[in-house]
Amino acid sequence: MSTPKGPFDIIVIGAGPSGAVASALLNKQGYNVLVVEKEHFPRFSIGESLLPQCMTFLEQADMLEAVQEAAFQHKNGAAFAYGDQYNFFDFREKFSEGWGTTFQVQRDRFDKILADQAEKQGVTICYGHMVTAFEPGPDKVQLSVQTDQGESYDISAKFALDASGFGRVLPRLLDLNLPSELAVRTSFFTHVEDNITDERHDREKILATEHPGHRDVWYWLIPFSNGRSSIGAVVPEGFFSGDSRDRESKLKGLVAESGLMNEILKNAKFDTDVLETGGYSCRVKQLYGDGFALLGNAGEFLDPVFSSGVTIALKSASLAAAAVDRQLSGLQPDWDVEYAAPLMVGVDTFREFVEGWYDERFQDIAFSDIKNENVTGMISSILAGYAWDQKNPYVDKPSRLNTLAEICRG
């Protein structure tokens, strides 16, 4: 397909998880949906450790069975390490109702599965199509699009959803970007043939490890089902200032200093380019406007430490699809009440935990000898993605993390 033939009710920018799920949900409601995606799938992406809450949204979009059949690595929890300290949270032992397990996925395959499922359900997806201009409006939005074959066209719809992830198309075109309140950080990451034989490591859990000498540096280890793993290190801005080594040498050097993670990866084979990204934390002036709404990372991205990105993206897709349906049905939804405010409940909960990681409150809790089964279940629920369950005291008032940390410090 070169130029899509309308008319379309809704245009979704981006075919990643939030775009695929939102388009499928709206297609189920009978809308004619077009997705325009700049890249061609499959394509590499990080954010590979899903949270159990994701399963609910995949189920809503009739995509769960396809994901389950893909034989991704089963995941049931998250482990944390610092020096000789180690602890894990089992997502099956949580406070909130719902799924307690999920998957660790290679995003090239995972994202393509979701996009393919959306197409099978009737969604039109145009790959290699980049949005270059956008004109909002209460009744109609207008987009200018350029293909990677050099063609340009204009197309309109009743509503648009920006699911462009870190591309952040509408925030860029409409001047909606704001600097994040979180410190600027940089990550170095790759996939390796892990050759893990260390019995201390459970492939069904993501491992987050703090650097023993620099507590503002941490690592992730996400095992896949094929004997490979995603590994990465997150450092503060300027950490490698004046260091002329290449990215692979920097990452290998950090891993060598990591303690437990280095021991687990002692036989790993680095066979893939090491990539680098920085300044990824972001926020916006508004999550919606005349004829548009921002989904997932296009609206706000916090930090990779608790793997919240895909979960927030899918939650935003579910909420936005419901609000768009009401709007196009003439019911005049209150986008703040029905979309922005409820979405931010979970974002703000995750934000408290991210800040708690970097100021050590979370570690004081995770590595404490003081244990309470009910409280552990509440923390496990949030780590499992149930950051919108306001029956959970740590969602209802995330700042309770302060009191808990003080208790755990003794």
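For this structure, a couple of remarks:
- Meets criteria (under 20 Å from GLY385 (Cβ atoms) and buried (at least 21 other Cβ atoms within 10 Å of the Cβ)) for PHE88: no
- When the criteria are applied in full, LEU182 meets the requirement of being surrounded by 15 or more Cβ atoms within 10 Å (Cβ to Cβ), under 30 Å from GLY77 (Cβ atoms), within 24 Å of the chain's Cα centre (by Cα) and modelled with pLDDT under 95.
- Single match in ASP154, ASP216, ASP175, ASP108 (criterion: acidic (Asp, Glu) and at pLDDT below 95): ASP216
- Looking only at residues of the stretch 281-339 that are free of Cβ contacts under 8 Å to residues at least 12 places away in the same chain and polar (S, T, N, Q), we find that the one that is surrounded by the most Cβ atoms within 10 Å (Cβ to Cβ) is SER329.
Listed here are the residues, each with its yes/no results for (1) in the same structural domain as ALA81 (by TED's automatic domain parsing); (2) under 17 Å from PHE88 (Cα atoms); (3) free of Cβ contacts under 8 Å to residues at least 40 places away in the same chain.
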site	(1), (2), (3)
ASP194	no, no, no
THR209	no, yes, no
PRO212	no, no, no
VAL217	no, no, yes
SER244	no, no, yes
GLU248	no, no, no
LYS252	no, no, yes
VAL255	no, no, yes
LEU260	no, yes, no
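- Residue list for the stretch 168-181, restricted to those being in a strand (DSSP E or B) and not hydrophobic (A, V, I, L, M, F, W, C): ASN177, PRO179
- Selection from the stretch 91-125 of residues that are surrounded by fewer than 21 Cβ atoms within 10 Å (Cβ to Cβ), of a type in the set (S, T, N, Q) and closer than 22 Å to GLU48 by Cβ: THR101
The values are calculated or read from the model by the stated rules, or taken from the named source; none is laboratory data. In this text the structure is predicted, and so the values were computed from the model without any measurement. All Cβ positions, glycine included, derive from the backbone under ideal geometry; neighbour counts span all protein chains shown.
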